[in-house]
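J.: The structure that follows is given in the form of structure tokens.
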Amino acid sequence: MQQETVQISKQIPVIADVDVLVAGGGIAGCTAAIAAARGGARTMLVDRFGLLGGNMGPGMMSGGVVHQALGYPYAMNGGLKGIPGEFLVRCEGYAGGQMGHQHLRDSAVGSYIWLRMMEEAKVRLLLNTYAADPLLEGDRVTGLTVENKSGSQAIRARVVVDATADADVAMRAGAPVGEGESYVHPGMTFTMAGVDLEEFLAWLHGEHEISDDDRAWAEDIFTRYFGSPVRRLDPLIPLYRKAWEMGEYWIIKNIEDIAGVSMDHGIPHSPNEYFGPQDGLVSTQIGLRGKGIRSGDQALMTRLEIGSRLYIFETAQFLRRYVPGFERSYLLVVSPYFGTRGGRGIVAQYATTVEDMREGRRFDDVVFVHYGSDGATKMEQGTDFPYRQLLPQKVEGLICAGISSILQPPSLRPRWKCLLMGQAAGVAAALAARDGVTPGAIDVKELQRTLVHRYDAPLGDRERLRELGLVD
Ligand SMILES: Cc1cc2nc3c(=O)[nH]c(=O)nc-3n(C[C@H](O)[C@H](O)[C@H](O)COP(=O)(O)OP(=O)(O)OC[C@H]3O[C@@H](n4cnc5c(N)ncnc54)[C@H](O)[C@@H]3O)c2cc1C
């Protein structure tokens, strides 16, 4: 059946005219805005939330490898420098040198530091504001319409940066995008308070005999519902099974026929682990897996989010009833952001392939070197990330950054890569605005020189920089 449509045409006020307009204030958008403003561009950033950081802010996903990024063995020159390094160093000052160990505290720290850096760089912010349709002149994006409590408004811009995580602007501008269905993997963090940590940790690290039968039960359920192996379940397996048999809790729960949701990161094991139980608080996350999760289908994502939020509440009740130390605990906070690890992204002018990573390929328009794995093999040699991967096809005036600019695999989503993408996008946007050209027509050598000399970005060793004509 053909979907009914309506036509809307209305006059809306133009509230600003800027050089660079960034849609989305996650880590990629924030880095891009700061880099653009430092490059001399009059810069504005809009975000649909009232706080910055995206997955690492309201998403409370501040753990993982982020604390390692400063001394990341693969990040060149002894760790991340430039705006990403500055951000992480400033966060560490408030996170006791353990950024990422305490999701609740560290996501607040991250949001705070971004606000301070925006203020210092004189980036104008418009929060609780949704980036809607782009202003278009032919195939060129010349600004955005936005929606917020003031109504519909327009903002003109020489260059727009799409850092919405789902390439919202690119999609609305008519650029080719992919749904990235093979890797969406949404997740949501929550924190339990009032946990007797002494009792919980003593139980956790005590003797646990898990029978072969219990293991086979868990294995069977995971394979049937999740289609992937059992992870991080010990020592809870017998408790999960008992609750399942009592009809009180499901180690994995189906949300319609689309996805299975589970506490896929298990329960934190030590105070030093990155979910770091401390002060009676325990944070962990639920994750969804399934074929056909499309981050660009809002009706579908709503049903999945409802299912996930119900499951988090049920998980909290399970922990209270079954896990020693949790008897007097309560659900303190659930992330308001239903984040995805992958999902919709642009079909870029050039997209890094698994083959590129296996071969450690070099590109003349490199903006940083990255390392990672294709899911199975860890790539020990670096691969160039090309500037063209930030540029959509068909549409001009637009640069993408962060997970808007990737369709996985290969995995390019880790935070330090999104930060480096944002930095490159912001520098490029400022150059395009300054020269009155589209992002595809900037002087890439000048972009690379700025990245290397101003931000100490990892574009390669001295020999490679010489080969690129960036040093003598
Ligand atoms: C569950 C989960 C676990 C993860 N674990 C790790 C890990 O361990 N290590 C690691 O390195 N990485 C991890 N990641 C990946 C990493 O967090 C992300 O790749 C990264 O944060 C993406 O940054 P981003 O700025 O591209 O997107 P986001 O952080 O998603 O930011 C997008 C921003 O855009 C805003 N926005 C979206 N649409 C609009 C719109 N239309 N108008 C206005 N604003 C909009 C959002 O509010 C948000 O602020 C994880 C991600 C998830 C979801």
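J.: When the Karplus curve 6.51 cos²θ - 1.76 cosθ + 1.60 is applied with θ = phi - 60°, which whole-Hz ³J(HN,Hα) does each residue of the stretch 332-343 get, with x for Gly and Pro?
T.: 7, 8, 10, 4, x, 9, 8, x, 10, 7, x, x
J.: Right, another one. Non-local amide H neighbours of Val22 (under 5 Å, H modeled in plane, Pro and chain starts lacking H): which ones?
T.: Amide H neighbours of Val22: Met44, Leu45, Val46, Val161.
J.: Same structure, new question: Ordering Tyr130, Tyr337, Tyr330 from largest to smallest accessible area (1.4 angstrom probe), what's the sequence?
T.: The ranking, largest first, comes out as Tyr330, Tyr130, Tyr337.
J.: By how many nm would the segment from Phe363 to Gln3 grow when fully extended, if each residue of separation counts as 0.36 nm and the alpha-carbon distance is taken off? The partial results should precede the final answer.
T.: Working: separation 360, 0.36 × 360 = 129.60 nm, distance 4.44 nm.
Working it through step by step, the gained length comes to 125.2 nm.
J.: In percent, what relative contact order does the chain have, based on Cα pairs under 8 Å that are 6 or more apart in sequence?
T.: Answer for the chain is 21 percent.
J.: Calculate I(q)/I(0) for the stretch 315-472 by the Debye formula, one identical point scatterer on each C-alpha and no solvent, and give its log10 at q = 0.12, 0.15, 0.21 Å⁻¹ to two decimals.
T.: -0.59, -0.80, -1.37
J.: So what is the relative contact order for the stretch 186-339, in percent, with contacts set as C-alpha pairs under 8 Å and at least six apart?
T.: Across the stretch 186-339, relative contact order equals 39 percent.
J.: Consider just the alpha-carbon atoms of the stretch 329-398 and return their Rg together with their Dmax, both in angstrom.
T.: Looking at the stretch 329-398, its Cα Rg and Dmax stand at 16.9, 55 Å.
J.: What does the accessible area of Trp244 come to, in Å² to the nearest 10, when a probe of 1.4 Å is used?
T.: Estimated to the nearest 10 Å², Trp244 gives 60 Å².
J.: Here's a follow-up. Taking amide hydrogens as modeled 1.01 Å from N in the peptide plane, which residues meet the under 5 Å criterion relative to Gln393, leaving out close sequence neighbours?
T.: Val347, Gln349
J.: Setting aside same-chain residues fewer than 8 positions from Lys242, which lysines have a Cα under 21 Å from its Cα?
T.: Those lysines meeting the cut-off are Lys253.
J.: Expressed as cubic angstrom per residue, what is the convex hull volume of the alpha carbon set of the stretch 186-339?
T.: For the stretch 186-339, the hull spanned by Cα atoms encloses 106 Å³ per residue.
J.: Which three numbers, in whole Å and largest first, are the semi-axes of the equivalent ellipsoid of the stretch 200-270 derived from its Cα gyration tensor as √(5λ)?
T.: Details: eigenvalues 92, 35, 28 Å².
Over the Cα atoms of the stretch 200-270, the ellipsoid semi-axes are 21, 13, 12 Å.
J.: I would also like to ask the following. Take Lys253, Lys81 and sort them by solvent-accessible surface of the protein heavy atoms, 1.4 Å probe, largest at the top.
T.: Lys81, Lys253
J.: With the alpha-carbon atoms as the only input, what is the per residue convex hull volume for the stretch 1-57 in Å³?
T.: Dividing the Cα hull volume of the stretch 1-57 by its residue count gives 153 Å³.
J.: Using modelled amide H (1.01 Å from N, peptide plane; none on Pro or chain starts), what sits under 5 Å from the amide H of Val367, excluding residues fewer than 5 places away?
T.: Phe385, Tyr387
J.: Using each residue's phi in the stretch 102-113, evaluate 6.51 cos²θ - 1.76 cosθ + 1.60 at θ = phi - 60° and report the 3J(HN,Hα) Karplus result to the nearest Hz, with x for Gly and Pro.
T.: Taking θ as phi minus 60°, the curve returns 10, 4, 5, 5, 6, 5, 5, 4, x, 4, 5, 5 Hz for the stretch 102-113.
J.: Further, regarding this structure: Just how many % of Cα pairs in the stretch 281-389 lie over 18 Å apart, if you round to the nearest whole percent?
T.: 66 percent
J.: Mind putting together the pair-distance distribution for the stretch 91-159? All Cα pairs, 5 Å bins, whole percent per bin, short to long.
T.: All Cα pairs considered, the percentages come to 3, 14, 16, 13, 14, 14, 9, 10, 4, 1, 0.
J.: What are the extents of the Cα atoms of the stretch 136-256 along their three principal axes, listed from largest to smallest and rounded to whole Å?
T.: Cα extents, longest axis first: 67, 35, 25 Å.
J.: With θ taken as phi - 60° and the coefficients 6.51, -1.76 and 1.60, list the Karplus ³J(HN,Hα) couplings across the stretch 124-132 in order, rounded to whole Hz; mark glycine and proline as x.
T.: My calculation for the stretch 124-132 gives 7, 10, 10, 9, 6, 10, 8, 6, 10 Hz in order.
J.: Something else about it: Quick one: with all protein chains in place, what share of the accessible area of the stretch 186-339 is carbon or sulfur, to the nearest percent (1.4 Å probe)?
T.: Percent of accessible area from carbon and sulfur atoms in the stretch 186-339: 50.
J.: Using just the Cα positions, wrap the chain in a convex hull and report its mean projected area in square nanometres, one decimal place.
T.: Average of the hull's projected areas for the chain equals 23.8 nm².
J.: Keeping all protein chains in place and using 1.4 angstrom, which order do Tyr311, Tyr112 fall into by accessible surface area, from largest down?
T.: Tyr112, Tyr311
J.: Leaving out ligands, DNA and RNA but keeping every protein chain, what accessible area does Thr450 have, in Å² rounded to the nearest 10, with a 1.4 Å probe?
T.: 40 Å²
The values are calculated or read from the model by the stated rules, or taken from the named source; none is laboratory data. Please read all numbers here as calculations on a predicted model, not as lab measurements. Only protein heavy atoms, including side chains, enter the accessible area calculation; ligands, DNA and RNA are left aside. Shrake-Rupley method; radii C 1.70, N 1.55, O 1.52, S 1.80 Å.
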